[in-house]
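The values are calculated or read from the model by the stated rules, or taken from the named source; none is laboratory data. Not measured: the values here are computed from a predicted model. Using ideal geometry, Cβ is built from the backbone for each residue, glycine included, and neighbour counts are taken over all protein chains shown. Surface areas here come from the heavy atoms of the whole protein model, side chains and all, with no ligands, DNA or RNA. Shrake-Rupley method; radii C 1.70, N 1.55, O 1.52, S 1.80 Å.
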Amino acid sequence: MSVAVIPGDGIGPEIVAQAANVLRAVRPDLTLTFALAGAAALRAGEAPLPQSTRRVCGSSDAILFGSVGDPEFDSAPFPQRPEAALFSLRSDFRLFANLRPVRVYDGLERASTLHAHLIRGLDLILVRELTGGIYFGRPKERAVNSDGVECAVDTMVYSKPEIERIVHVGFELARKRRKHLVSVDKQNILETSRLWRETVNAMAASYPDVGLEHLLVDNAAMQLVRRPADFDVIVTENMFGDILSDEAAILTGSIGNLPSASLAAGKPGWTFGMYEPIGGTAPDIAGRGIANPVGAILSAALLLRYSLNDVQSAQRVEAAVADVFAAGLHTADLAAAGGSVVSTEQFGAAVVGRLDGRGRSAHG
């Protein structure tokens with residue numbers, strides 16, 4: 001089996017290197033093929049997503065992705081910006097379902113900006129629709145109107161099948177967890193949200209074992225900081241999910257802790273996906289050895305779980321991360337938790353050490 005590895009920009013290469021080491025430790029049978037994208041590709045004279053990288057991804061069982069973006073290219077037209085690589089991958093491989101697990105590890109409560117009693121035991125998954133909505137709708141343009149005034153247009157479009165597809169993912173996840181689904185919309189204002197809520201309500205009849213709650217997006221943002229531990233699975237559209245998942249991430253003490261999985265529809269037992277930490281390129285700390293690799297390592301665990309159908313190895317990786325945290329080790333962004341601050345490489349090595357201490361996976 002093969003994995004395309006795209007380190008990307010900023011801290012991406014540093015944290016993806018640790019995730020790759022973890023994959024090698026738990027599944028030495030995997031073939032890891034590294035490829036360029038983003039600013040790294042642009043500096044090599046390529047497009048943000050080179051055709052060679054696209055081919056590597058297409059011939060692999062999954063993609064492990066770092067992050068793309070660089071202030072140097074912020075003024076370039078979007079097709080020539082590093083971020084275009086990410087949108088191309090999502091669109092080309094039809095990665096419609098973005099899963100963002102949010103968990104507070106024991107001992108890290110003090111690193112959160114909320115009181116410990118509010119976040120203790122927090123364990124939720126945010127399901128974000130990833131290939132529709134305002135990020136992909138047309139027209140998307142800037143123009144000068146008839147009065148000579150500069151204006152811009154972004155279009156939010158959702159079809160009923162798009163909504164059904166992502167909401168089905170949310171219901172199925174909730175059914176396997178604590179059986180509670182929160183659907184987030186803005187149905188008091190937006191037509192797309194009215195269609196969203198009508199569709200969710202119609203689908204609920206097929207999931208009588210799952211409790212359903214609707215929240216307007218502004219209220220959802222408030223409730224995430226008021227009663228975060230009450231949430232189990234949240235499902236929402238693209239832009240709302242983008243915003244809410246970053247809000248949920250910081251509850252854990254650092255956005256660097258959070259992994260994600262972007263999944264395509266697949267045959268039973270196999271799902272093609274792209275797996276990436278959500279913390280971004282963080283150019284201000286790139287190259288300093290202090291970046292948090294947890295989001296990248298846990299993204300590798302999601303890759304094992306969803307694309308390789310190797311739940312045992314995924315659980316081993318997740319348990320190893322928990323063990324390292326329990327030992328009081330963490331990177332500088334979690335210093336408020338106490339314990340010992342270690343480098344990016346040292347944290348990754350500690351996780352690999354726990355994996356080696358448990359023996360090889362059954363696949364090794």
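With respect to residue 318, determine if the residue is open to solvent by 10 Å² or more (accessible area, probe 1.4 Å), touching a Phe, Trp or Tyr at 6+ places or on another chain (Cβ under 6 Å) and under 26 Å from residue 120 (Cα atoms).
Criteria not met by residue 318.
Count, please, the residues in segment 143-162 that happen to be assigned to a helix (DSSP H, G or I), in contact (Cβ under 8 Å) with a residue 40 or more places away in the chain and in contact with a helix residue (DSSP H, G or I) (Cβ under 6 Å, 6 or more places away or on another chain).
The number of residues fulfilling the criteria is 0.
So if I check each of 249, 229, which one is in a helix (DSSP H, G or I), farther than 18 Å from residue 276 by Cβ, in contact (Cβ under 8 Å) with a residue 60 or more places away in the chain and open to solvent by less than 50 Å² (accessible area, probe 1.4 Å)?
Being in a helix (DSSP H, G or I), farther than 18 Å from residue 276 by Cβ, in contact (Cβ under 8 Å) with a residue 60 or more places away in the chain and open to solvent by less than 50 Å² (accessible area, probe 1.4 Å) holds for just one of 249, 229, which is 229.
Do we find that residue 286 is surrounded by fewer than 23 Cβ atoms within 10 Å (Cβ to Cβ), out of contact with any strand residue (DSSP E or B) (no Cβ under 8 Å at 6 or more places or on another chain) and in contact (Cβ under 8 Å) with a residue 60 or more places away in the chain in this structure?
It is true that residue 286 is surrounded by fewer than 23 Cβ atoms within 10 Å (Cβ to Cβ), out of contact with any strand residue (DSSP E or B) (no Cβ under 8 Å at 6 or more places or on another chain) and in contact (Cβ under 8 Å) with a residue 60 or more places away in the chain.
Could you identify the single residue in 92, 70 that is touching a residue at least 24 places away in the same chain (Cβ under 8 Å) and out of contact with any Ser or Thr (no Cβ under 9 Å at 6 or more places or on another chain)?
Residue meeting the stated conditions: 92.
Which number in (1) farther than 18 Å from residue 104 by Cβ; (2) open to solvent by 20 Å² or more (accessible area, probe 1.4 Å); (3) among the small types (Gly, Ala, Ser) marks the one condition that residue 307 misses?
(2)
Is segment 322-339 home to any residue that is out of contact with any Phe, Trp or Tyr (no Cβ under 8 Å at 6 or more places or on another chain) and closer than 29 Å to residue 56 by Cβ?
No: segment 322-339 contains no residue that is out of contact with any Phe, Trp or Tyr (no Cβ under 8 Å at 6 or more places or on another chain) and closer than 29 Å to residue 56 by Cβ.
Which members of segment 172-218 meet the condition of being assigned to a helix (DSSP H, G or I) and in contact (Cβ under 8 Å) with a residue 60 or more places away in the chain?
Matches in segment 172-218: 173 only.
(1) out of contact with any Gly (no Cβ under 6 Å at 6 or more places or on another chain); (2) at pLDDT 90 or above: which one isn't true of residue 128, the others all being true?
Tallying (1) out of contact with any Gly (no Cβ under 6 Å at 6 or more places or on another chain); (2) at pLDDT 90 or above, residue 128 fails exactly one: (1).
(1) under 21 Å from residue 298 (Cβ atoms); (2) open to solvent by 50 Å² or more (accessible area, probe 1.4 Å): which one isn't true of residue 18, the others all being true?
Answer for residue 18: the failing condition is (2).
Find the residue count for segment 166-194, including only residues that are surrounded by 16 or more Cβ atoms within 10 Å (Cβ to Cβ) and on the phi > 0 side of the Ramachandran plot.
The total comes to 0.
Say whether the condition of being more than 16 Å from the chain's Cα centre (by Cα), among the small types (Gly, Ala, Ser), over 20 Å from residue 100 (Cα atoms) and crowded, with 24+ Cβ neighbours inside 10 Å is met by at least one residue in segment 333-350.
Yes, there is a match, as at least one residue in segment 333-350 is more than 16 Å from the chain's Cα centre (by Cα), among the small types (Gly, Ala, Ser), over 20 Å from residue 100 (Cα atoms) and crowded, with 24+ Cβ neighbours inside 10 Å.
Within segment 1-15, restricting attention to residues that are part of a helix (DSSP H, G or I) and not small (Gly, Ala, Ser), which residue is surrounded by the most Cβ atoms within 10 Å (Cβ to Cβ)?
Applying the filter and picking the extreme gives 15.
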